[in-house]
Amino acid sequence: MGRIRSAIIVRISIFVVFAVAFDGFGQSPASGQHIPVTALANGTKPNIVFILADNLGYGELGVYGGGILRGAPTPRIDKLASEGTRLLNFNVEAQCTPSRSALMTGRFSIRSGTYAVPVGGVADGLTLWEVTIAELLSSQGYATGMWGKWHLGSEESRFPTHQGFDEWYGIPRTYDEAFWPSLNKADGLWPSIGDKQGWNASIASPEPIYEARKGEQARQVGTLNLDTRRTMEAEITEHAVAFIKHNAASGKPFYAYVSSSMVHMPVLPNPAFVGKTGNGDWADCLAEMDYRTGQILDAIKEAGIEDNTLVVFASDNGPEATDPWEGDSGPWRGTYFTAMEASLRAPFIIRWPGKVPAGRVSNEIIHIVDMYPTLARVGGASVPTDRSIDGVNQLDFFLGKQENSNRDGFPAYVAERLSAVKWRNWKMHLIWQVNMYDPPVTLPVPKVINLLTDLKEERDVGAKASWVGVPMTKILIEFEKSLKTYPPIRAGTPDPYIPPK
């Protein structure tokens, strides 16, 4: 990973040159102090339901300015927001795999070798050395289940049921592969490739759909194609609801990770939702996503555990960028696979009746890595101390005990490229890329954006506001220091991984 460190050092040098004239401004505020993870005062273990939408842009939901403007109201999710806290500055990583890795480990994906969506034919996913949030909660007596896309290991040894989950239903890789079996057809609207030069299952195996339980080998129950893609969300929800009802009846605390398939391309609604809105597949999928979320919320309520269940609804990424499935970025500019705000900012709603303030809206910076120590504290677990954990505990912020987040900023990677730094309401771009299909361009001088006055990131105010280089440089220097103490894992590293001493 020497190339990564060298890139960081180069970026830091740029910052230092950029900010040296303003060094007299003194020390910047810390970028978020770690709060000790302790059990909640009353000793009870609340249930946790984490619904993670797939590539749901900032502008899709009604409460984020979408809904009927996108062809379908989202009443259940909007109501959930009114019952809890909604974030305007929840940040994720630039791609699916990195965001999911960060959620599972509390570590920026550059540390875990999961900084990009994997390409077939190489080892992929999290090493078993990583300690997932499911493992932490399982150690505290939680039942753990996940359903949907994993994207953190396509081999049996790295499936969710080997990473802390008691059960799993879903796919190991991604929904793009639903296209494969249809590529050789000669009767479709797309130009046919033909079976002589098109996809062949003996060369690239189709995406399997698995059902698995801890301690048992995963069982293939289907194959992903355009038909099973349409029914995936219903299957995910059915499994999640059954899990919630079973554990609520047994009185065992549970962690339910609902990895929604909506609205990842190909954006195809369930047959029961086709034509439901009259506004096309995208709107029909938005309506289905809202309905499925409602089914999960209804299961929680009907089981009588609503007051003791923390629910999170969030997205792993910014909007899709590929025609004809482009998503909506709301007021922001760009797409995922970039360091633009449309890529980094995602919807986030958290509800915990009687604990998380209802109707609260905040623009404080939270990063997806923060959910790891936060949920660990909710469940009474301690985070590992033998590695760098980038997440900071945000529970007191979520509970309304403090107005401010425990985080001021973070470095933003796109794959292995350090592309930007966010600090408070400022961003400094080191590499410029607006759309995922644009070439990334390394800037000779960093571009500084004021995110309160320039939501579209169109005006570089670095000449007037170069002082922000001071706190941003501090973020990068501290991060570089941590990489020296805890060297990052190379992508494709096999198990067992043993960290260098």
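The values are calculated or read from the model by the stated rules, or taken from the named source; none is laboratory data. From a predicted model like this one, the values you see are computed outputs, not experimental measurements. Positions of Cβ are generated from backbone atoms using ideal geometry, with glycine treated the same way; all protein chains shown enter the neighbour counts. The area values use the complete protein model at the heavy-atom level, side chains included, leaving out ligands, DNA and RNA. Shrake-Rupley method; radii C 1.70, N 1.55, O 1.52, S 1.80 Å.
Assorted remarks:
- Net charge, residue 327 excluded, C-beta distance under 10 Å - Lys, Arg +1, Asp, Glu -1: -3
- Euclidean distance of C-alpha centroids, segment 442-459 and segment 150-184, integer Å: 38 Å
- Computed over the chain, the per-residue total of -39500 (n - 2.57) for DSSP H runs of n ≥ 4 gives a 222 nm mean residue ellipticity of -7500 deg cm²/dmol, rounded to 500.
- With contacts taken as Cα pairs under 8 Å and at least 6 residues apart, the chain reaches a relative contact order of 28 percent.
- Computed on segment 345-472, with alpha-carbon pairs under 8 angstrom and 6+ residues apart, the relative contact order is 15 percent.
- Neighbour net charge for residue 211 - beta-carbon separation under 11 angstrom, K R +1, D E -1: -1
- Averaged over residues, the count of other Cβ atoms within 10 Å places the peptides 346-355, 418-427 in the sequence 418-427, 346-355, highest first.
- Legend: P(r) of the chain from all alpha carbon pair distances, 10 Å bins from 0, whole percents, reading 4, 20, 31, 28, 14, 3, 0.
- Unit charges on C-beta of K, R, D, E only; dipole of the chain, Debye: 1340 debye
- Based on C-alpha pairs under 8 angstrom that are at least 6 apart in sequence, segment 303-408 has a relative contact order of 22 percent.
- Within the straight-line cut-off of under 18 Å between alpha carbons, the aspartates and glutamates reachable from residue 301 are 78, 83, 238, 290, sequence neighbours fewer than 8 places apart in one chain being disregarded.
- Packing-based ranking of 438-451, 57-70 yields 57-70, 438-451, ordered from highest to lowest mean Cβ neighbour count within 10 Å.
- The accessible area of residue 403, taken with all protein chains in place and a 1.4 Å probe, comes to roughly 130 Å².
- Among the listed pairs 355/481; 79/456; 149/474; 252/427; 447/481, those with a Cα-Cα distance over 32 Å are 355/481; 149/474; 252/427.
- Note on residue 196: lysines with a C-alpha under 26 Å away, same-chain residues under 8 apart excluded, are 185.
- Net charge contributed by nearby residues that have their C-beta within less than 9 Å of residue 428 (K/R +1, D/E -1): +3
- Peptide ranges 486-492, 392-398, 474-480 listed from the most packed, as the mean C-beta count within 10 angstrom indicates: 392-398, 474-480, 486-492
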